[in-house]
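Each value in this text was obtained by applying a stated rule to the coordinates, not by laboratory testing. This is a predicted model, so every value here is computed, not measured. Backbone-built Cβ (ideal geometry, glycine too); neighbour counts: all protein chains shown.
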Amino acid sequence: MEQGKKDETLTILDNRTGKKYEIPVTDGTIRAMDLRQIKVLDDDFGLMSYDPAFTNTASCVSHITYIDGDKGILRYRGYPIEQLAEESTYLETAYLILHGELPDERELAEWMWNITHHTMLHENIKKFIDGFHYDAHPMGMLISSVAALSTFYPEARQIHNTASRLKQTFRLIAKMPTLAAFAYRHMIGMPYAYPDNDLSYPGNLLNMLFKMTEVRYNPNPVLERAIDVLFILHADHEQNCSANAMRNVGSSLVDPYSAIAAAIAALYGPLHGGANEAVLRMLNEIGTIEHVPAFIKKVKAGEGRLMGFGHRVYKNYDPRAKIIKRLADEVFEVTGRNPLLDLALELERIALQDEYFVNRRLYPNVDFYSGLIYQAIGLPIDMFPVLFAIARTSGWIAQWEEMLQDPEQKIARPRQIYHGEEQRDYVPIDKRKYQPSESQAAER
Ligand SMILES: CC(C)(COP(=O)(O)OP(=O)(O)OC[C@H]1O[C@@H](n2cnc3c(N)ncnc32)[C@H](O)[C@@H]1OP(=O)(O)O)[C@@H](O)C(=O)NCCC(=O)NCCS
């Protein structure tokens, strides 16, 4: 990390002792460990900072993704998301995110060949997926089957071996669509459709999801491109909950399959990858345009939230939402208009003029329109976070690689403030006082 300039310091006066400390400020940040020298007594532990949910703590130095939430900017390795969505493909963007630079023609061809030739799964994985109930959530199936991959590739534990890490990277990016599609086919009781190496990455995913009796599945190019763009938009988003899970679990030096399983588990939660599901449920519940004003009134009264609006980081229109909105129009040309779109547009129109939302800087986020596209393509709501997980795999691996190569990183291990009992002596069971709970007492 770059050292702070001499004049960039923070002076702290400890009112407990009257002592002054000068602490370097680098990148607008002080190092929490610099606080440790601040003590009342020599044998004190030293000052700590308290930051539940890491709302004001940088946990790493990163070179991957840049977000300016106030201005609505998102860049991967310096390239604006708008340009990547327009010009790039998901696989090229994944290469960029992982390697730091756009590939030349030969590098891209080699990268694509390697991903395409690792899409098959060991046949035993099928038996494994067969064991799930027909109504198992596909995210549960994905978490378990990715974790299971670690048992098929025990050499993945050699996480300090560059060649092994690259091999697992090919496998993970290549096999995620296959696992996702197998989970989906199991859910709907259809035979698994195998990868077709002649198709593009998103085209092959559509093939494995939707192939029926035809000899060769021909993906619709508009839908194929829509999936590709959605995947570009979801590829990384700096230190979000699942990226943090990937780094945290990976910092124990576990294999990448186990760490990705943890990251997918983090994504499964409704506050993270589940929001686009919530948008569709909300739109279904509102039902018709006439009900929109009443719904907005309820939200403003604190009865529920306008799902797909607002973001911890973006206090402006989420740049991904703008791209997705345009994409939705192209998809609906092929699939027919999703009737819920008119509802979504009306909600957005009203919310963007309403002072409740304007004052709180609540704008549509990435999830507001993405679910409508996935639904139009024919996917059930449960599959939305699964598609998110496929796209985010490249970001998770890049975060993990960066963590492993950062000499400042160690096993992640936060501190705590202990407010529990002081030391006390063990009480044998016959000497413990029985205290009935309130309900037990009421029953007597
Ligand atoms: C994303 C989200 C969790 C960010 O939350 P946050 O940064 O912690 O912001 P807060 O929850 O503190 O909200 C700030 C204010 O805006 C309001 N607000 C935030 N999001 C809102 C929404 N979607 N609908 C209505 N009000 C909302 C809060 O009630 C709060 O109002 P108050 O100051 O009067 O109490 C939040 O905006 C949200 O729940 N959005 C809906 C879910 C969603 O779309 N998530 C996907 C994110 S990609």
Between 0 and 90°, nearest 10: helix 201-210 axis offset from the chain longest Cα axis: 70
Percent of alpha carbon pairs in the range 284-356 separated by more than 14 Å? 66
Fewest-first sequence of W111, W400 by Cβ atoms within 10 Å of each Cβ: W111, W400
Largest-first principal axis extents of the Cα set of the range 81-161 (Å): 43, 32, 21
If you line up the long axis of helix 319-335 against the longest principal axis of the chain, both from Cα atoms, how many degrees apart are they, to the nearest 10? 20
The chain: relative contact order from alpha carbon pairs under 8 Å, six or more residues apart, as a whole percent, is 18
From fewest to most C-beta neighbours within 10 Å, the residues F45, F54 line up as F45, F54
Rg to Rh ratio, the range 300-444, alpha-carbon atoms and Kirkwood radius? 1.22
What ranking do 285-291, 253-259, 229-235 get when scored by the average of other Cβ atoms within 10 Å per residue, highest first? 229-235, 253-259, 285-291
Projected area averaged over orientations for the chain, convex hull of C-alpha atoms, nm²: 30.9
Extent along principal axes [Cα atoms of the range 1-134; Å; largest to smallest]: 67, 42, 27
Show me the three semi-axes of the equivalent ellipsoid for the range 214-338, from the C-alpha gyration tensor (sqrt of 5 times each eigenvalue), largest first, rounded to whole Å. 29, 25, 14
Efficiency of FRET from Cβ geometry, R216 and N56, R₀ 51 Å, rounded to 0.05: 0.40
Equivalent ellipsoid semi-axes, the range 183-274, via Cα gyration tensor eigenvalues times 5, rooted, Å: 30, 16, 13
What's the FRET efficiency of E155 with R413 using the Cβ-Cβ distance as r and R₀ = 30 Å, to the nearest 0.05? 0.65
Between the range 240-313 and the range 329-404, what's the alpha-carbon centroid distance in Å? 10
I'd like to know which of Y66, G308, L41 lies farthest towards the positive end of the charge dipole of the chain, counting +1 on Cβ of Lys and Arg and -1 on Cβ of Asp and Glu. L41
Long-range share for the range 153-196, i.e. C-alpha pairs more than 15 Å apart as a percent of all pairs, stands at 53
Using only the alpha carbons of the range 1-78, determine the length spanned along each of the three principal axes and report them from longest to shortest in whole angstroms. 47, 31, 21
Can you give me the angle between helix 162-188 and the longest principal axis of the chain, using Cα atoms only, in degrees from 0 to 90, rounded to the nearest 10? 60
